[in-house]
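No lab work stands behind these numbers, since they all come straight from the coordinates. Please read all numbers here as calculations on a predicted model, not as lab measurements. We place every Cβ from the backbone using ideal geometry, glycine too, and count neighbours over all the protein chains shown.
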Amino acid sequence: MLIVHVDVQVKMDSIDAFLVATKKNARESLKEPGIVRFDVLQNRDDPTRFVLNEVYRADEDPARHKETEHYKTWRAAVEDMMARPRGSVKYSNCFPADLDW
């Protein structure tokens with residue numbers, strides 16, 4: 001299992017539009033066989049900051065995700081909403097390791 005945290009900061013006037021586009025992408029992403037979970041988290045202290053918590057079954061699944069039409073549509077829609085380039089950090093699940101997602 002691979003967990004990716006995507007760190008996003010959007011422009012203040014783009015928060016609502018970003019949420020609409022990102023929720024749509026998340027809903028479609030959950031239909032992909034390689035995605036176990038897709039959370040959209042908003043920082044309580046700074047509403048312009050988000051973390052996308054993406055849980056994949058295998059290491060190759062993020063590349064497959066990036067080839068989907070819904071991801072490409074999302075990426076194009078939110079490009080001008082970014083206050084800075086988004087970044088990501090990859091994690092491995094250590095516990096509970098025996099979950100069968």
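One table, with the values for the structure above:
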| read-out | value |
| --- | --- |
| Residues that are of a type in the set (Lys, Arg) and either closer than 13 Å to Arg86 by Cβ or touching a residue at least 12 places away in the same chain (Cβ under 8 Å) (or both), drawn from the range 32-61 | Arg37, Arg49, Arg57 |
| Identity of the residue in the range 4-31, free of Cβ contacts under 8 Å to residues at least 60 places away in the same chain and in contact with a strand residue (DSSP E or B) (Cβ under 7 Å, 6 or more places away or on another chain), that ends up surrounded by the most Cβ atoms within 10 Å (Cβ to Cβ) | Thr22 |
| Evaluation of Met1 against (1) under 17 Å from Asn93 (Cβ atoms); (2) crowded, with 17+ Cβ neighbours inside 10 Å (one fails), failing number | (2) |
| Check on Val40, surrounded by 15 or more Cβ atoms within 10 Å (Cβ to Cβ) and among the β-branched types (Val, Ile, Thr) | yes |
| Selection from the range 1-48 of residues that are within 15 Å of Glu79 (Cα to Cα) and either among the basic types (Lys, Arg) or in a loop (DSSP other than H, G, I, E, B) (or both) | Lys11, Thr48 |
